[in-house]
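Read through the structure below, which is laid out as structure tokens, and then see the notes.
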Amino acid sequence: MGRKGETLAGWGRAPVVPGHEVRSEDLARIADGRPLSRGLGRSYGDSSLPAASDHEVVSTVLADRILSFDPDSGVLRAEAGLSLEDIYRVFLPRGWFVPVTPGTKFVTLGGMVAADVHGKNHHKDGCFGAHVLDIKLRLADGRTVRCSPLVEPDLFRATIGGMGLTGHILEAAFKMVRVPSPWIWQESERMPNIEAFMAGLKAASADWPMTAGWIDCLSSGPKMGRGILFKSRWATAAEAPSRLPRPKRRFSIPFEFPQFVLGRPSIRVFNTLFYWKHIPRVKRRIVHPESTFYPLDMIWHWNRMYGRRGLTQHQCVLPNEAGAGAARRFLEVLTARGGASFLCVIKDCGPEGVGMLSFPRPGISIALDIAVRKDTPALIDALNECVVKEGGRIYLAKDAFTRAEHFRAMDPRIEDFQRVRRIWDPNRKLRSLQSVRLLGDPP
Amino acid sequence: MLGATKGMGRAVARQLAVRGDALFLLGRDPSDLAASARDLEIRAGRAEGSVGTAPCDLERPDDFGAALDSADVVLGGFDTVVVTAGLFATQDRLEAEPRFAQRVLTADFANTVVFCEEARRRLLARGGGTLCVFSSVAGERGRKPVIIYGAAKAGLSHYMEGLDHKFHDRGLRAICVKPGFVRTGMTAGLPTAPFAGEPEGVARDVVRAIDRGSPEVYAPGIWRMIMMVIRMLPRFVMRKIGF
């Protein structure tokens, strides 16, 4: 039974459901009989929430030991709850970093595997899963197995990006990369519209290991999709300051903002300021690694800015086959519906990874942070219809509102994923609120 | 350190290791100890094998002396002993299982004191040192949800206070840590209390107390105020409330 008054939610705080976490250093013990593991709860929607008839999820955060690190090969093995923040703090000063980082360091190793996270270097290095060597899993029937590209390869491929639905991830090993300095060399460039943006991303991908852009999603017409393109690489030892980057100061959003704070007018003001703050067309400079990778980590509880009803993120990838006009057509759906996104991030994706359900595929990824309102489900439906038409798909780690029929229309790989789940968990003991919604698991 | 593989002990060990202190871990399960030692070595950037371990179980007091001796040999004489180990169960379970209640009382009070006596003798013999022991706010007053566990911790807190009174002048720093509700594996079965703390925050307070030799630490600090209020509540109120 659920405990009175205790609730769980993802980072978007929509939906909020009754339930609680069970914590222990001994993951294998608490995993038994429980339907799902969650890490730091940074998936936006319902990926880490229990189904309606479950009330407990395993929290991995106490199982956070580094089990081994080989400085010759860079292989790091750790328990699932190890946070990226710990990895960043321990290893970046020694010249090592994760091969792929998402946009926040408040995630766990288990979560990075389960969501098969990607980053600014996706066009070059792929998803996190491409660098995972093996995974130790607690299966639905209580057995513990190791899987890798060679051992139980189907289970391995289903677990990477499988949102925790194949088993409880207990440990994982992956290859870290050497970095020449802990600082970032960044070039940023103002882009007048979406067409220029797409061309800029494409041109940058050949020369820059990391690219991503911010878009002013309220601009329309010839200025639609204007924004700033960020291109970066690790600074060489000669370019970088000799000191280590000091941890950035954090400040906290102390309470939920009223809903008008992130309404259209304030977004318009913010976007215009942000765009024109970039006065020279091109800027080149050394920047702090946290400013590059984790700009929002400096604001504790930034999700509170979206008020009591929370936020959702819609992130989709529009494939290259859909042509150059796809991004404009997608943004037109957003503006036509009066949708406003405070943050809109655009990034080109490289080849599809090993994960059976992994999100990225060659094309352009667009992520929109949307404050939840009465009309949000209808807006997400409209965006998803566009995604289906263009042959793209959405990112499960962000999603809370997509309908099963849209998801099925986007992703023909579901059958394969479900086949693997049937082998390892025939009774569908492992499930989440999201898998009930999108994969038809028993509620 | 006794109990460094889990919870608050793990967090304290990490902070001590990262700042360069030499560590030796005592605990029940050898493979668990080895994994924790490796974790500390990697986080502190030290060579494999530099954090030593030896088995030591709070329920087997006969081994305490040998365990402390092996730590002494490896460390070349320790100057600080930290005890975070202990058993825990809810009051309901302890009432239902008298045998387990006896184990908790023995481990958390009698055997912890025996362990501390072994450590104290060794520290005093070399002119003093720090003995930092985790008691609990549960020992501050007889309360409905922690009658038996709290009784053991009350005894332990009294013991630590007495040590401070008697041996402070001879160089012993007896530090009694009184954690409030902290979100660890120990409290995982309980509904989250208000003012709940995280192990890292508690560890910061404890490391500071070790450096300063403060005899009493409430962690998180707000629990000092909470327990002050609780201690002042009259009996008829304590009979009514569930806290």
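Write down the percent of antiparallel bridges among all DSSP beta bridges whose residues are both part of the protein assembly as shown, to the nearest 5.
70
I need A:F106, A:F274 ordered by Cβ neighbour count within 10 Å, fewest first.
Lowest to highest Cβ neighbour count: A:F274, A:F106.
What does the charge dipole of chain A about its Cα centre add up to, to the nearest 20 debye, if the Cβ of each Lys and Arg holds +1 and the Cβ of each Asp and Glu holds -1?
1220
Using alpha carbons only, how many angstrom separate the centre of region A:336-360 from the centre of region B:168-185?
50
Taking the beta-carbon count within 10 Å as an exposure proxy, list A:E332, A:E189 from fewest neighbours to most.
If I rank by nearby Cβ atoms, fewest first, I get A:E332, A:E189.
By how many degrees, 0 to 90 and rounded to 10, does the Cα axis of helix B:147-167 deviate from the longest principal axis of chain B?
The helix B:147-167 is inclined about 50 degrees to chain B.
In whole Å, largest first, what are the principal axis extents of the Cα atoms in region A:1-127?
49, 31, 20
Considering the options A:H118, A:F293, A:V372, tell which one lies farthest towards the positive end of the dipole of the protein assembly as shown, charges being +1 on Lys and Arg and -1 on Asp and Glu at the Cβ, about the Cα centre.
Going by the Cα projections, it comes out as A:V372.
Would you kindly compute the Cα radius of gyration of region B:37-172 and its largest Cα-Cα separation (Dmax), both in Å?
16.7, 48
May I ask you to compute the full-extension gain from B:R46 to B:F243, defined as 0.36 nm times their residue separation minus their alpha-carbon distance, rounded to one decimal in nm?
Between B:R46 and B:F243, full extension yields 66.4 nm more.
Separation of region B:96-116 and region A:238-294 by C-alpha centroid, Å?
Cα centres, region B:96-116 to region A:238-294: 54 Å.
Can you tell me what the convex hull of the Cα atoms of region A:184-407 projects to on average, as an area in nm²?
Reported value for the Cα convex hull: 13.4 nm².
Using only the alpha-carbon atoms, what does region A:54-184 span along each of its principal axes? Please give whole angstrom values in decreasing order.
Cα spread of region A:54-184 along its principal axes, largest to smallest: 45, 30, 26 Å.
Calculate how steeply helix B:222-232 sits against the longest principal axis of the alpha-carbon atoms of chain B, using the helix alpha-carbon long axis, and give the answer as 0 to 90 degrees to the nearest 10.
40
For the pairs A:K105/A:K398; A:K120/A:K175; A:K105/A:K277, note any where the Cα-Cα span goes beyond 20 Å.
A:K105/A:K277
Which residues in region A:217-261 place their backbone N less than 19 Å from a point set 7 Å from the Cα of A:R285 along the Cα-to-Cβ direction?
Output list for this probe position: A:227-236, A:239-250.
Rounded, prolate or oblate, given the Cα gyration tensor of region A:111-242, with a/c below 1.5 counting as rounded?
Oblate.
Using a 10 Å cut-off around each Cβ, can you sort A:I169, A:I414, A:I286, B:I175 from fewest to most neighbouring Cβ atoms?
A:I286, A:I414, B:I175, A:I169
Find which of A:T104, A:G164, A:I194 sits farthest along the positive direction of the dipole of chain A, computed with +1 on the beta-carbon of Lys and Arg, -1 on that of Asp and Glu, about the Cα centre.
A:I194
Under the rule a/c < 1.5 gives rounded, and otherwise a/b versus b/c splits prolate from oblate, where does region B:7-240 land using the Cα gyration tensor?
Since a/c reaches 1.5 and a/b is larger than b/c, the shape of region B:7-240 is classed as prolate.
Give the shape of region B:184-243 as rounded, prolate or oblate, defined through the alpha-carbon gyration tensor: a ≥ b ≥ c are the square roots of its eigenvalues, a/c under 1.5 means rounded, and otherwise the shape is prolate if a/b is larger than b/c and oblate if not.
Cα axes put region B:184-243 in the oblate bin.
Over the alpha carbons of chain A, what is the largest minus smallest coordinate on each principal axis, giving the biggest first in Å?
Principal extents (largest minus smallest coordinate, Cα): 59, 52, 45 Å.
All of the numbers you see were taken from the coordinates with simple rules; none came from a lab. As the structure is a computational prediction, the values presented were derived from the model and not from experiment. Every residue, glycine as well, gets a Cβ built from its backbone with ideal geometry; the counts of neighbours run over all protein chains shown.
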